[in-house]
1. Which percent, nearest 5, of DSSP beta bridges in the chain are antiparallel?
2. Among 79, 49, 157, what is the fewest-to-most ranking by other Cβ atoms within 10 Å?
3. Just to be sure I understand the model, the point goes 7 Å from the Cα along the line to the Cβ. What's the resulting residue 10 to residue 114 distance in nm?
4. Once you've got the GNM for the chain with C-alpha springs shorter than 10 Å, pick whichever of 116, 133, 184 has the biggest mean-square fluctuation.
5. Report the label-to-label distance for residue 31 and residue 63 in nanometres (one decimal), using points 7 Å from each Cα along the Cα→Cβ vector.
6. Go ahead and estimate [θ] at 222 nm for the chain from helices alone: -39,500 (n - 2.57) per DSSP H run with n ≥ 4, summed, over the residue count, rounded to 500.
7. In what sequence do 226, 126, 75, 165 fall when counting other Cβ within 10 Å, fewest first?
8. With each label point set 7 Å from Cα along the Cα-Cβ vector, what nm distance links residue 155 and residue 204?
């Protein structure tokens, strides 16, 4: 059975993933162990000195806990949904725990057979963004909210703890020429309003600094900043903390 780990920080009472995936194990620091155990959660404890840098935590999970491969997932996932086409007219359908686990098993095998070491799901659930004839893609960003990891030597960049999943994807695209994304499946979670997690370390200043560092690493042709400029329109001062990734590999 594929192992599933979710890094968690200051959310003993706010974690949600176990409600849809009872087998998930929360990865928590030593100083919070008693709080998570008091809530009855399945946990594994990591040293306090990993605290403060999500990349270090992810590396510990990927290289130690998932050394044989498995799933790294966020701790606040509320639902998995897929586009169902049984009646020819697509509709969203929630996945049960057994369906999700079966999907993980299948995805793991498919990624291995394709020669990839990373897989994930769509980052958007809006029907307007989903193309029925592209259920899979191989050069699209895979969010750190769900990463299926086949054993590999790639590490999360500890200099980019706020852009670590983008960078991890680009490393995989560079080394393995792609990663497997299942576009017909997406997750439901609330990125705003849940205390703890990365929110404790995010500020607009740090985001700007990390974005510039990330762009310097990969170049402006691959990592682009969304600054609100549009041709033919008045310039607006907007800063999007999420970069626009343009992977120079042919294919979808």
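Where a number appears in this text, it was derived from the coordinates with a stated rule and is not lab data. Since the model is a prediction, treat every value here as computed from it, not as a measurement. So basically every Cβ, Gly included, is an ideal-geometry build from the backbone, and we count neighbours across all protein chains shown.
1. On the way: 19 of 32 bridges.
Bridges in the chain are about 60 percent antiparallel.
2. On the way: 79 16, 49 10, 157 19.
Exposure proxy ranking, most exposed first: 49, 79, 157.
3. Calculated label separation equals 3.7 nm.
4. Its mean-square fluctuation being the largest, the pick is 133.
5. About 2.3 nm separates the two model spin labels.
6. Details: 5 runs with 59 residues, N = 252.
Computed ellipticity for the chain at 222 nm equals -7000 deg cm²/dmol.
7. Details: 226 13, 126 8, 75 25, 165 22.
In order of increasing Cβ crowding within 10 Å: 126, 226, 165, 75.
8. Distance between label points: 3.4 nm.
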